[in-house]
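Accompanying notes for the structure given below.
The values are calculated or read from the model by the stated rules, or taken from the named source; none is laboratory data. What you see is a predicted model; the values in this text were computed from it and never measured. All Cβ positions, glycine included, derive from the backbone under ideal geometry; neighbour counts span all protein chains shown. Surface accessibility is based on the protein's heavy atoms, side chains included, excluding ligands, DNA and RNA. Shrake-Rupley method; radii C 1.70, N 1.55, O 1.52, S 1.80 Å.
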Protein chains: 2
Amino acid sequence: MRYKITLSYDGTEFCGWQSQPCGTSVQDAVERAACKLFCAEKIKAVGSGRTDAGVHALGQVAHFDAPKSLPIKNVVGGLNAYLPQSVRVLDACEVGEAFDARKSVKKKTYMYLLYGGVQQPVLNNRVWFVSDLPSKEKLDAAVDAVAGEHDFATFMAAGGGAKTSVRTVYDAHFERHGEFTAFYITANGFLYNMVRIITAQAIKSARGDADMRELLAARDRSQAKELAPACGLYLYKVDYGE
Amino acid sequence: MRYKITLSYDGTEFCGWQSQPCGTSVQDAVERAACKLFCAEKIKAVGSGRTDAGVHALGQVAHFDAPKSLPIKNVVGGLNAYLPQSVRVLDACEVGEAFDARKSVKKKTYMYLLYGGVQQPVLNNRVWFVSDLPSKEKLDAAVDAVAGEHDFATFMAAGGGAKTSVRTVYDAHFERHGEFTAFYITANGFLYNMVRIITAQAIKSARGDADMRELLAARDRSQAKELAPACGLYLYKVDYGE
C-alpha cells in the first residue's frame, strides 16, 4: 500500500530532508514514525526532493510503502502522534505504484521570506532580515529575467549533481505584506541553492549593483557569489499535475 | 546615568521577564549584558511589568542605572553583542531619574496572535492554533463589553497581588490578515493573565457559548476558567505619554 503524504516542517533543528550519517533529518523522523505506526522494521520515505539544513517546508510531499492499509484519518493522526512537533503531516492519501514523490513532480514552488523591519527575535530562523529592501516593482523587474527556459549555471552551487543546468521557470514574483516581502518562484525543477542565489542576486540587481540578464547569460557562478541564508527558504508547494 | 531601553524577545526559552531563583529570565539576560558593557558588578533592570514564561515582547521597555555614559549607538550595539539572539535591544535613550519603566507607564498594549489555518510547525510557540475561529465582527462584538473602566475580577488569575481589579481598557479589537487573527488590547494596566483569559472568553462568547457582559458583571473567575496559552501573547507597546 503506497501512501502520499504532505508535510510541513520547521527546518531549524534538522540537517535537511535527506537522511545523513551524522545528523537528524526529516526523512529519518518520518521513517521512524511510519515504522512505529505500521509495526514495520523498515519503511523508506521518498521526498519530492532534498531541502537543505535550516530550510523549512509548508508543503513537502513524500511517499512510502506500508505493509498494510489504514484509514487515512489514522495515517495522519498516527504519524503525527509519533513525529516531533516540528514536523506535521497535513494530509495523506493512498496512491498507485506509478506515483513517485520525486520522479512524478511536474512543478515546485519555493517561497523566500524577507523581513525589512527591525530584528524581532520571534522571527529568527524564519526570515532573512534585510534593511532598505528595494520596492516590489524593482524586485519584480529584476526576477523577470529568469522566467522561461534558461541555462541557470550562474545560479547553481557546486555539489548538486544535476545532469543539466537547464530549467524552466513558470513564475517568479514578489509580494509585500507590511514589513514582510515574499518571493515566490515556480519551476519544473531547481538546481542546488538556485532559489537562494536568485534571491540574493535579485535584491542586488534591484539595487542597481548587478544585472540579472547579464548574470544569466554569463552561465558562470563566480559572477554571482552571494546567496541568501537557508532560514528564509520555504518549500511551498509540489505540483503533480493532478 | 539612567537608560531607557526598548526590547524585543522570543519568550519561548525564558521563565518570563522577572528574575526567578530557578530559571533563565529576560531580566537576568539584560542585567548580565549591562554589567559586561559597563564593567559593573551589579546593574538592576526594571521592566514595565512582568511577562510570563513563553510570552513574547515586541516592545517591552526597561530602565537601568549605569555607572557611566556611553553614546546611544554603543549602548544598543554593546547590549546586543552580549545578549542572546532571542533578545534584541531595539532602541535606547538617556532619561532623567524621574523616569521609572514600571511606575511611569500610562498605557500598555498587548497583542494576542491566533492562527486559523493548518498547524504549520514554523508557527509553533508563536501563535495559538484555533480552528473555526468566529468572524472578526463577532469577535469585535464580544470584546466590545470590556472597553471602559470595569472591575475585571472575572478575568484575573489568582497570584497577581494587585491591590484592585479595576482597570480601564482604552481599546480592544481584532484584525484579520489571511489565516492570522490578531487581538489588540490597550489599557492603563493589566491583571494577572487578564489578556489570556479575555482572549479565550471572547472566542467562546463569539461562538455563542458565553456572554462577555455577564462574565464581566459576575466578577467571579470561576465562571471564566479557560485561558489562552502563553505562546500567542505579545507585549506589543508600552506608552509613557511622551
| request: For the stretch A:230-241, state whether one or more residues are at positive phi and open to solvent by 50 Å² or more (accessible area, probe 1.4 Å). | output: yes
| Candidates B:176, B:167, filtered to the one that is touching a strand residue (DSSP E or B) at 6+ places or on another chain (Cβ under 7 Å) and of a type outside the set (S, T, N, Q) | B:167
| Restricting attention to the stretch A:162-171, and to residues there that are closer than 25 Å to residue A:138 by Cβ and free of Cβ contacts under 8 Å to residues at least 24 places away in the same chain, which single residue is most open to solvent (accessible area, probe 1.4 Å)? | A:168
| said: Checking the conditions here, which among B:222, B:135, B:131 is modelled with pLDDT under 95 and within 14 Å of residue B:114 (Cβ to Cβ)? | reply: B:131
| task | Quickly run through the stretch A:80-109 and pick out the residues that are of a type in the set (S, T, N, Q), part of a loop (DSSP other than H, G, I, E, B) and in contact (Cβ under 8 Å) with a residue 40 or more places away in the chain. | result | A:86, A:104
| Given (1) within 14 Å of chain B (Cβ to nearest Cβ); (2) surrounded by fewer than 19 Cβ atoms within 10 Å (Cβ to Cβ); (3) polar (S, T, N, Q), index of the condition residue A:74 fails | (1)
| Mind checking which residues of the stretch B:190-216 are farther than 17 Å from residue B:113 by Cβ, in contact (Cβ under 8 Å) with a residue 40 or more places away in the chain and small (Gly, Ala, Ser)? | B:205
| said: Looking only at residues that are small (Gly, Ala, Ser) and in contact with a helix residue (DSSP H, G or I) (Cβ under 7 Å, 6 or more places away or on another chain) in the stretch A:158-185, which one is nearest to residue A:239 (Cα to Cα)? | reply: A:172
| message | Looking at B:155, B:174, B:180 in this structure, which one is within 30 Å of residue A:176 (Cα to Cα), buried (at least 19 other Cβ atoms within 10 Å of the Cβ) and aromatic (Phe, Trp, Tyr)? | response | B:174
| task | Within the stretch A:129-150, count every residue that is open to solvent by 40 Å² or more (accessible area, probe 1.4 Å) and either within 14 Å of another protein chain (Cβ to nearest Cβ) or farther than 18 Å from residue A:175 by Cα (or both). | result | 4
| task | Only residues in the stretch A:136-161 that are of a type in the set (Ser, Thr, Tyr) and part of a loop (DSSP other than H, G, I, E, B) count as the first member; pair them with residues that are open to solvent by 20 Å² or more (accessible area, probe 1.4 Å) and modelled with pLDDT of 95 or more, Cβ under 9 angstrom, at least 6 apart or cross-chain, and list the lot. | result | none
| task | With the condition kept exactly as written, say whether any residue in the stretch A:112-128 is of a type in the set (D, E, K, R), more than 14 Å from chain B (Cβ to nearest Cβ) and surrounded by 14 or more Cβ atoms within 10 Å (Cβ to Cβ). | result | no
| When you go through A:25, A:48, A:8 one by one, which is the residue that is open to solvent by less than 10 Å² (accessible area, probe 1.4 Å), touching a residue at least 60 places away in the same chain (Cβ under 8 Å) and away from chain B (no Cβ under 14 Å)? | A:48
| said: With the structure loaded, tell me whether residue A:187 is open to solvent by less than 20 Å² (accessible area, probe 1.4 Å), within 14 Å of chain B (Cβ to nearest Cβ) and in contact (Cβ under 8 Å) with a residue 24 or more places away in the chain or whether it fails that test. | reply: no
| Hey, does the stretch B:207-220 have a residue that's under 25 Å from residue B:16 (Cβ atoms) and either open to solvent by 50 Å² or more (accessible area, probe 1.4 Å) or out of contact with any strand residue (DSSP E or B) (no Cβ under 8 Å at 6 or more places or on another chain) (or both)? | no
| How many residues are part of a loop (DSSP other than H, G, I, E, B) and buried (at least 21 other Cβ atoms within 10 Å of the Cβ) when one looks only at the stretch B:192-206? | 1
| task | Residue by residue through the stretch B:51-65, note down the ones that are open to solvent by 20 Å² or more (accessible area, probe 1.4 Å) and over 23 Å from residue B:104 (Cβ atoms). | result | B:53
| said: Taking the condition of being closer than 24 Å to residue B:133 by Cα and basic (Lys, Arg), how many residues in the stretch B:149-179 meet it? | reply: 1
| task | Out of the residues in the stretch A:11-22 that are open to solvent by less than 30 Å² (accessible area, probe 1.4 Å) and outside any strand (DSSP E or B), state the one that is farthest from the other protein chains (Cβ to nearest Cβ). | result | A:17
